[in-house]
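Report on the following structure.
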Amino acid sequence: MNADQFRKYGHELVDWMASYLKNIENFSVKSEVSPGQIIAQLPELPPEKAEDFGEIMDDFEKIIVPGIMHWQHPGFHAYFTANNSYPSILAEMLTAALSAQCMSWQTSPSATELEERVMQWLAQMIGLPDFFTGVIQDTASTSTLVSVLTARELATDYRINAHGFDGKECFKIYCSVEAHSSIERAVKIAGFGSENLHKIEVNNVFAMSIDSLEQAIVQDLTAGMKPLMVIAAIGTTGSTAADPLEEIGKICKKYNIWLHVDAAWAGTALLLPEMRYLIKGIENVDSLVFNPHKWMFTNFDCSAYFVKNKSALIRTFEILPEYLKTNEIEKINNYRDWGIQLGRRFRALKLWFVIRSFGIEGLREKIRNHISWAKIFAEWVEKDERFELMAPTNLAVVCFRLKLSDLAYIEDANRKNAELLEKINHSGKVFLSHTKLDGKYTLRFVVGQTNTEFRHIQNAWQIILESALQMIWLV
Ligand SMILES: *Cc1c(COP(=O)(O)O)cnc(C)c1O
């Protein structure tokens with residue numbers, strides 16, 4: 001491809017993207033292909049000869065698009081959202097054009113200094129105290145792993161980095177049973193062993209039980225173990241429960257334990273001053289992660305990691321071979337030493353574009369709407385005696401299901417609700433996912449897609465009611 005062709009196809013692609021996003025409601029949210037259907041259409045051998053771009057694009061539309069889940073569809077109410085927005089897409093195009101490798105200040109001063117500035121903005125925007133320093137990681141999984149490793153090294157005076165585990169100490173890490181699976185993975189990767197992740201029970205609103213946490217810590221101490229770290233969730237993936245940060249912080253302080261907060265999805269809600277009660281006690285927190293790539297209109301990947309002890313972070317990861325040495329070492333950030341990977345994408349650019357294009361006001365308005373629409377949806381559920389709410393609607397996720405109290409067995413009610421979910425999703429107009437709370441199959445209705453309007457919420461409720469009517473008929 002030459003420059004002229006790039007210009008021509010580039011314009012065509014922007015047109016394609018604009019039409020796709022404008023007409024996205026014509027697609028079924030969930031792809032209807034069966035396993036193997038896509039790969040069967042892809043030649044087993046790579047092409048020997050150059051192919052025409054037009055042909056590649058044709059195949060993209062014919063083969064690839066049918067196997068795509070349309071995450072930007074306003075009827076997307078599943079998992080957690082993974083939003084984009086026009087400014088974010090445009091910045092991503094520029095990032096690809098620059099294709100700068102942003103491992104150190106020298107390899108692109110703008111990338112480093114913009115990242116420093118937008119992370120300061122973001123910290124202010126979500127109400128973090130100014131002793132936090134931010135850095136962009138790829139995902140919350142990575143951010144949490146970075147936190148676990150930093151806690152490990154700080155607690156051992158950087159000994160494990162140098163000598164490995166000596167088997168003399170047994171470290172314990174704590175999170176609730178509702179915490180995200182990425183925590184167990186981080187504990188495994190960091191060498192602690194998943195057996196040493198202590199999953200604390202939750203209370204009736206699925207938040208970590210403080211008494212159980214302290215009990216576990218005391219028991220472990222008595223048994224000669226070393227409590228290292230607590231990971232609190234603000235917005236669990238199941239039901240968006242928030243662990244009681246203030247009390248957890250006090251316990252961590254008392255026993256000198258590192259406190260990490262996983263607010264991967266819910267962190268965006270902290271843009272609203274009225275939601276900051278969720279991080280009351282933040283002064284005792286050592287690190288926090290939230291993902292602008294979930295709810296803050298910044299396309300994947302972009303995870304914001306904030307840490308109190310910046311030098312512990314850097315000391316954990318720093319490596320300085322001769323070929324990476326520069327003269328500016330004192331004055332600037334070299335983000336290659338702030339995480340796991342050496343090479344880094346220029347992710348700050350899309351965050352900058354998004355924050356400036358929406359403005360804090362614009363971002364807040366959207367998030368406020370999502371939260372208030374979820375509350376309205378929850379009221380509809382509550383008023384309809386055929387349904388029941390399964391957890392408090394703290395933020396913008398409604399956990400509900402068909403109330404089938406006449407079904408003697410929990411498994412029967414679970415099965416019926418799974419069938420209901422399938423019926424709803426079969427409509428193609430909306431897509432919801434599920435979780436289990438207290439062993440009960442629960443439908444999750446997430447409000448947070450960039451393009452969702454109130455009419456989509458109304459429409460979704462109609463589809464749910466129609467699907468439920470068919471179900472109740474069958475009971
Ligand atoms: C989504 C999510 C994660 C994982 O996020 P990634 O960025 O995909 O790694 C972790 N914790 C919580 C609470 C989440 O909702």
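The values are calculated or read from the model by the stated rules, or taken from the named source; none is laboratory data. Every value quoted in this text rests on a predicted model; they were computed, and no experiment measured them. Glycine also receives a Cβ, built like all others from the backbone with ideal geometry; neighbour counts cover every protein chain displayed. Just the protein is used for accessible areas: all its heavy atoms, side chains included, with ligands, DNA and RNA removed. Shrake-Rupley method; radii C 1.70, N 1.55, O 1.52, S 1.80 Å.
Extension gain, Ala223-Ser357: 0.36 nm per intervening residue step, less the Cα-Cα distance, totals 42.8 nm. Ordered from highest to lowest accessible area with the whole protein assembly present and a 1.4 Å probe, Trp121, Trp105, Trp295 read as Trp121, Trp105, Trp295.
For the chain, what number results from the quotient of the Cα radius of gyration and 2.2 N^0.38 Å?
Working: Rg = 24.0 Å, N = 475, 2.2 N^0.38 = 22.9 Å.
Relative to the rule-of-thumb radius for its length, the chain sits at 1.05.
When Asp412, Asp438 are compared by accessible area of protein heavy atoms, the largest-first order is Asp438, Asp412, using a 1.4 Å probe. Rounded to the nearest 500, the 222 nm mean residue ellipticity of the chain from helices alone is -13500 deg cm²/dmol, with -39,500 (n - 2.57) taken per DSSP H run of at least 4 residues.
Might you tell me the accessible area per residue for segment 101-345, computed with a 1.4 Å probe and given in Å²? Before the final figure, lay out the partial values.
Values: 10070 Å² over 245 residues.
The answer is 41 Å² per residue.
Once the Cβ-Cβ distance of His11 and Glu385 is raised to the sixth power relative to R0 = 45 Å, the FRET efficiency obtained is 0.20. When both segment 187-242 and segment 355-407 are represented by their alpha-carbon centers, they are found 28 Å apart.
Based on the Cβ-Cβ distance of Ser311 and Lys331, what FRET efficiency does E = 1/(1 + (r/R0)^6) give at R0 = 22 Å, to the nearest 0.05? Spell out each step's value before the answer.
On the way: r = 16 Å, r/R0 = 0.71.
Calculated value: 0.90.
The Cα-based radius of gyration and maximum Cα-Cα distance (Dmax) for segment 69-116 are 15.1, 44 Å.
Among the chymotrypsin sites (Phe, Trp or Tyr not before Pro) in segment 369-428, which ones are in a DSSP loop with at most 15 other Cβ atoms within 10 Å of the Cβ? Mind listing them? List each step's numbers first, then the result.
On the way: sites: Trp373, Phe377, Trp380, Phe387, Phe400, Tyr409; in loops: Tyr409.
Loop-located and lightly packed - Tyr409.
Under the simplified labelling scheme, the Ala162-Glu466 pair shows an inter-label distance of 6.8 nm, with each label point 7 Å from Cα along Cα→Cβ.
Pairs exceeding 31 Å between alpha-carbon atoms, taken from Lys250/Lys331; Lys168/Lys253; Lys254/Lys294; Lys172/Lys375; Lys22/Lys423: Lys250/Lys331; Lys254/Lys294; Lys172/Lys375.
With each label point set 7 Å from Cα along the Cα-Cβ vector, what nm distance links Tyr277 and Val205? Taking the simple label geometry, Tyr277 and Val205 are separated by 0.8 nm. Using C-alpha pairs below 8 Å separated by at least 6 residues, the relative contact order for the chain is 22 percent.
Here the chain carries DSSP beta bridges of which approximately 55% are antiparallel, counting only pairs with both residues inside. The string of couplings for segment 165-178 from the Karplus curve (6.51, -1.76, 1.60, θ = phi - 60°) is 6, 9, x, 7, 10, 10, 8, 10, 10, 10, 8, 7, 5, 8 Hz, one whole number per residue in order, with x for Gly and Pro. Extending 7 Å from Cα along the Cβ direction at Glu51 and again at Glu318 yields two label points whose distance is 4.9 nm. When the surface is traced with a 1.4 Å probe over the full set of protein chains, Ile160 keeps roughly 20 Å² accessible. Between Asp438 and Ser405, residue separation times 0.36 nm minus the direct Cα-Cα distance comes to 10.3 nm.
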